[in-house]
Amino acid sequence: MSSATSAGARPARWRAGVGRVVAGAALLAAVALLPWLSGIDPALTVLRARSADQDPTPAQLAAIREQLGLDEGPFRHLAHWLGGLPRGDAGTSWVSGEPVLPQVTTAFAVSVTLMLGALVVTIAVAALVSARTLYLGSRRRLRQERTGIGVAILAALPKFVLASLLATVCGVWLGWFPSSGWEGPGSMVLPALALGVPSGAMIGGLLDQSLPAALHEPWARTWYACGLSPGYIARHALRRTLAGVLPQLLPTVVALVGGAVAVEKIFNIPGLGRLALDAAIAQDLPPLQTATLVLVLLGVAAGLLIQALRRALLGPALRDGALPALHSPALPRRHSTRWVAGCCLLALLILVVAGLLRDPLHVDTAARLLPPSAVHPLGTDALGRDLLARLGHGALRTAGVALAVTAVNTITGLLVGMAGRVSAGMTEVMSTLPAVLAGLLTTAVTGPSVWGAACAVCVVGWTPYAAQAAALFEQERASSHVLASISLGAGRMHLLRHHLLPAVLPAVRRNALLRLPTTVLVLASLGFLGLGEQPPTPEWGRLLSENQPYVELAPWTVLGPACALVLLSVLAVSAMASEGNRD
Amino acid sequence: MRTTSRGLFVALALTPLLASCFASGGSGTDAKAGASGRLRVALAVPPVQALSPYSNDATVLSKLSVVEGLTALDADGTAAPALAKSWTQKNATTWVFELRKATFQDGTEVTAESVVNALDHANAAKIKPRVLSDVTLTAKAEDTDSITISTKAADPVLPLRLASPALGILSTKAYAKDGTVSPVGTGTGPFEITKLTGKTTATLDRFDDYWGGKAKASGIDVTWIADGAARANALRAGEVDIAEWIPTAQAKLLGKDTRHEVPSVRTDSLVLNTRSGIFADESLRAAAREAVDGSVLVDSVFGGYADPAQGLFGPAISWAADKRVAVTGRATAATTAQVKSRTNGRTVRLATYTNRTELPEAATVLQQQLEKAGFTVQQDVREYTQMEADLLAGRYDALVFSRVTLLDTGDAVAYLASDFASNGVYNIAGLQDSAVDQAITSAAAEGDTAQRQQKIMRAEAEILRTDAVVPLIHEKVVQGISTDVEGVVLDPRERSLIDLDTRLK
């Protein structure tokens, strides 16, 4: 094992490269096969994208098929497209007949700019979230464990609801920023906030959790005793912890380049997410393939950059196995944590029990969008259905599916993360893949189904955990106590059970719980492909998306589900915090 | 602290990138807007083929008065002069059109040659425009200002057909060798496209040599905003002067004097699959028809922006109400008990699509109504393109469907023929009924306008008799128009929006 880490540096890099190429090629091939896998005639979808009212006569479809050369099969197409790439020719769009490359590069530039804006917000929010721990910790005044409840609330805010709110409040009511469009730096502020605040809370939450451990290490104590400035100590503690959190930026922020479709729609931003979605729905392969390729390259580039940053932060310690282990100090827990967990649980239980006693499907068009009252404690939706009933009936299904998917993703992530460098390429490639694309590929294979959405999310959702686990495993393997137990003759299983997993699991688990609300929303966002439960079945993600148009007219229709999601997230995080302390 | 300094660094490093990105992302609407009498318009459907008249984008060209055809449709839906100042029908298949003196936006004259060239290109397009799908026309220049158009079979609605935006006349320069057509600076209308930026914005300037005089607005800045709520927001924030198609959920947020409702030629209906499955049984179709009440949708799902269904053709078609024929000879509806025994545990697969936000809500209301009548219903709601192939193959029992009843011919027969004739390509109901076929054929052959309308209504009654389709509501379109603007055209056919007289106050 030790030989693999030191002497095998070059083969490992080589292997990582192979991993990237294989994963990227597999993904591109899958995309190229989409129309043939889905069984939906691309001539029909292209015709529909060009003209909504055109009759799909056999003659028209045949003309399109001939025009696009669809009868030649997928491989000729792929070869032709690949052949053009070195010449800077990514083909012409099947729908518009225009060259693809200029469209994709423009959209890519827009999306990357937006993503960088979101990154700035993310960093700012993360800094705010972890500032207190850092300040107290560097002055050795960290007495109690942070509960992370505020973080859980922020991270549970659905981005599209936040976007709608910002557009309405800051764009329309106050007129501070343009409500939509992409006309200048001013129009970047609101979308960057909508995307960055939840991501920042997520990243900040992870940072905040690992900071006490770094600040608790012997060097920090020594430096403090020597009278080094708290700022200096804080900087080094950050450097120590950032290395473990940085890889999260890839699936959380960089993935927004292709995965911010909802926010792009709300703010009318001509970004890559919408371009890829439109192309995927029209089965317009050249732009779809090009967008996928660009996303793959972006993922790999960002992955390499993050890897380099981590190297720069941790330096030779990572390579030489001289890192001390990062373990959280046993700080006394706050009593409030348990109280919060109890309250959330109680509130959710009341919600579920009260909701289950009511009819979630009864439509009453006369009782439309009623505000909360004694008859309808949470109000009614646009069809006059009782929101409390819908929340209550949807609770178990929503939480159950989201937890199951998260569990599968966490396990996949851990396994992939354990595989080391080979898997890094796969993680990078998959983490920028939009869930919608995974959904389309899933529908292509399985057809629309109840479990389709879960499958699709399982295909892409593991990347944050894999990235995190890989980074933590690497750090842990490089720590001195693991080297010590290897020299004492510990086997792989022993290492895994007693050293590696215990060090990695809590952080990954916390990450998973913070991402629980996102999982719920992503699951619901695939509904338009026929994946997941069909309406009118109540499900929290669907409640949010189907009521989103009414956010201003009847805020309670969105407030209820959003609060329920926040409750679920706070419950998960605080329950883990109080349980974690018992260990 | 390190985080902030890095943030600062990132922000600094970004500045040049940002500047270049926004510049290329396309502005050009700022600064100029408002001050010089330019109109700012938010349109809903982004261009799919760079504004080619042979695609969906054709309507944009007519909405913004960029391109004209030989004829235009007037308020009653009859043909009015446009580039042709008059026409005569020589015999059943031959028409002569007299051109008026007009100039293309590129400075060349409109001649018979150029009109023939434009029509020939439309005729020869690989993917034929919808309006030419059931007719083949040959155009011939007689002299410089008159042309003869002949059709293979008699086509009584030829002048209506020529009003279609897809048959707009563009100068020779517009037609490229590779088959693409560009309306940028090649139309004859009062506004000229000067710049098209991808699918996001377009700039139009007034064309001063327009034959009909100078437009009152000095130009139009178009932004495409696909999301309905975002369009409403843009209007409310004062970023645009006109926003089309405000979703019913957002309409209430606009001031009373900014929202203008227009009856639309769109009818939403429940289409029942007569070919196979539960609704192959006509008594069950009748039971479904009796169970379904579209009028409750008007004030709920459509927020008042709809009319209860009167038939296939709604109030937007002015002549329909007077000529309506009573439906007779319908099957007797099965009672609730009969429905239960005849469906025998089978579920109704009720499909609808997410592209129009109101439809899934409507489907849920209908589900409850059908279940009251004894049916068991399972919904399937997806994006339209994801299900179209299944719809055409008849894999659903029922579909909540929103359909334009006057297609780009401006003639109702085309819709009836494609949706309800036995050989109709869009016959989702799978209807095979000789009486219906006969009624449609006879309407299609009728040349006299009043007679034709009467026969169309007779065909409507025949179709409704079969219960293959249950009309639910007639949609209304809400156009958001700022109080600073006057003269916006509220057109039920959604072909016009801005014309010569539209201007800022």
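The values are calculated or read from the model by the stated rules, or taken from the named source; none is laboratory data. These numbers come from a predicted model, not from an experiment. Reconstructed Cβ throughout: ideal geometry from the backbone, glycine too, with neighbour counts over all protein chains shown.
Looking across A:ALA163, A:ALA214, A:ALA201, A:ALA192, one residue alone is closer than 20 Å to A:MET576 by Cα and either of a type in the set (Gly, Ala, Ser) or buried (at least 24 other Cβ atoms within 10 Å of the Cβ) (or both). It is A:ALA201.
Checking each residue in the range A:41-57 for being among the small types (Gly, Ala, Ser) and either within 7 Å of chain B (Cβ to nearest Cβ) or under 14 Å from B:VAL48 (Cα atoms) (or both) picks out A:ALA49, A:SER51, A:ALA52. Could you look through the range A:531-543, keep only residues that are within 23 Å of A:VAL459 (Cβ to Cβ) and outside any loop (DSSP other than H, G, I, E, B), and pick out the one that is nearest to the other protein chains (Cβ to nearest Cβ)? Selected residue: A:ARG542.
Only a single item in (1) within 14 Å of another protein chain (Cβ to nearest Cβ); (2) under 25 Å from B:GLU460 (Cα atoms); (3) surrounded by fewer than 23 Cβ atoms within 10 Å (Cβ to Cβ) is not met by B:ASP322, and it is number (1). Restricting the first member to the range B:177-193 and to residues that are over 14 Å from B:ASN117 (Cα atoms), and the second to residues that are among the polar types (S, T, N, Q) and assigned to a strand (DSSP E or B), the beta-carbon pairs closer than 9 Å and six or more apart or on different chains are B:VAL184/B:THR194; B:GLY185/B:THR194; B:THR188/B:THR103; B:ILE193/B:THR203.
Condition (residue is in contact with a Leu (Cβ under 7 Å, 6 or more places away or on another chain), among the aliphatic types (A, V, I, L, M) and part of a helix (DSSP H, G or I)) applied to the range A:549-557: is it met by at least one residue? So far as the range A:549-557 goes, no, none of its residues is in contact with a Leu (Cβ under 7 Å, 6 or more places away or on another chain), among the aliphatic types (A, V, I, L, M) and part of a helix (DSSP H, G or I). Is the range A:204-218 home to any residue that is under 30 Å from A:THR106 (Cα atoms), within 10 Å of chain B (Cβ to nearest Cβ) and at pLDDT 90 or above? Within the range A:204-218, none of the residues are under 30 Å from A:THR106 (Cα atoms), within 10 Å of chain B (Cβ to nearest Cβ) and at pLDDT 90 or above.
When both residues are 6+ apart or on different chains and their Cβ atoms are under 9 Å apart, which pairs have a first residue that lies in the range B:122-139 and is within 15 Å of B:VAL425 (Cβ to Cβ), and a second that is among the acidic types (Asp, Glu) and surrounded by fewer than 18 Cβ atoms within 10 Å (Cβ to Cβ)? If the second residue must be among the acidic types (Asp, Glu) and surrounded by fewer than 18 Cβ atoms within 10 Å (Cβ to Cβ), the pairs left are B:ARG130/A:ASP53.
Test B:VAL400 against the criterion of being within 11 Å of chain A (Cβ to nearest Cβ), at pLDDT 90 or above and in contact with a helix residue (DSSP H, G or I) (Cβ under 6 Å, 6 or more places away or on another chain), and give yes or no. Judged against the criteria, B:VAL400 is not a match.
Would you be able to say whether some residue in the range A:75-91 is more than 10 Å from chain B (Cβ to nearest Cβ), touching a strand residue (DSSP E or B) at 6+ places or on another chain (Cβ under 9 Å) and among the acidic types (Asp, Glu)? Checking the range A:75-91: at least one residue is more than 10 Å from chain B (Cβ to nearest Cβ), touching a strand residue (DSSP E or B) at 6+ places or on another chain (Cβ under 9 Å) and among the acidic types (Asp, Glu). Residues of the range A:102-115 that are over 18 Å from A:ASN268 (Cβ atoms) and crowded, with 23+ Cβ neighbours inside 10 Å: A:VAL104 alone.
For every residue, the table says whether it meets (1) surrounded by fewer than 16 Cβ atoms within 10 Å (Cβ to Cβ); (2) in contact (Cβ under 8 Å) with a residue 40 or more places away in the chain; (3) more than 7 Å from chain B (Cβ to nearest Cβ); (4) under 31 Å from the mean Cα position of the chain (by Cα).
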| residue | (1), (2), (3), (4) |
| --- | --- |
| A:LEU27 | no, yes, yes, yes |
| A:VAL31 | no, yes, yes, yes |
| A:GLY39 | yes, yes, yes, yes |
| A:ALA59 | yes, no, yes, no |
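Of all residues in the range A:358-375, those that are assigned by TED's automatic domain parsing to the domain that holds A:LEU553 have Cβ atoms under 8 Å from Cβ atoms of residues that are among the basic types (Lys, Arg), 6 or more apart or on another chain, in A:PRO360/A:ARG385; A:PRO360/A:ARG390; A:LEU361/A:ARG385; A:HIS362/A:ARG385; A:VAL363/A:ARG385; A:ASP364/A:ARG385. Only residues that are within 14 Å of chain B (Cβ to nearest Cβ), in a helix (DSSP H, G or I) and closer than 18 Å to A:GLY117 by Cβ were counted in the range A:242-292, giving 13.
Across the range A:76-93, which residue is surrounded by the fewest Cβ atoms within 10 Å (Cβ to Cβ) among those that are touching a residue at least 40 places away in the same chain (Cβ under 8 Å) and not aliphatic (A, V, I, L, M)? Result: A:THR92.
Contact map, the range A:119-134: residues that are over 12 Å from A:ALA201 (Cβ atoms) and at the interface with chain B (Cβ under 8 Å from one of its Cβ atoms) paired with residues that are at pLDDT 95 or above and surrounded by fewer than 22 Cβ atoms within 10 Å (Cβ to Cβ), Cβ distance under 9 Å, separation 6+ or inter-chain. No pairs are found. Scanning the range B:353-374 for residues being modelled with pLDDT of 95 or more and not in a helix (DSSP H, G or I) gives a total of 0. Tell me, please, whether a residue that is assigned to a helix (DSSP H, G or I), among the charged types (D, E, K, R), surrounded by 16 or more Cβ atoms within 10 Å (Cβ to Cβ) and modelled with pLDDT of 90 or more can be found in the range B:57-68. Within the range B:57-68, one or more residues are assigned to a helix (DSSP H, G or I), among the charged types (D, E, K, R), surrounded by 16 or more Cβ atoms within 10 Å (Cβ to Cβ) and modelled with pLDDT of 90 or more. Going residue by residue through the range A:173-181, is there one that turns out to be among the aliphatic types (A, V, I, L, M) and more than 10 Å from chain B (Cβ to nearest Cβ)? The answer is no; no qualifying residue exists.
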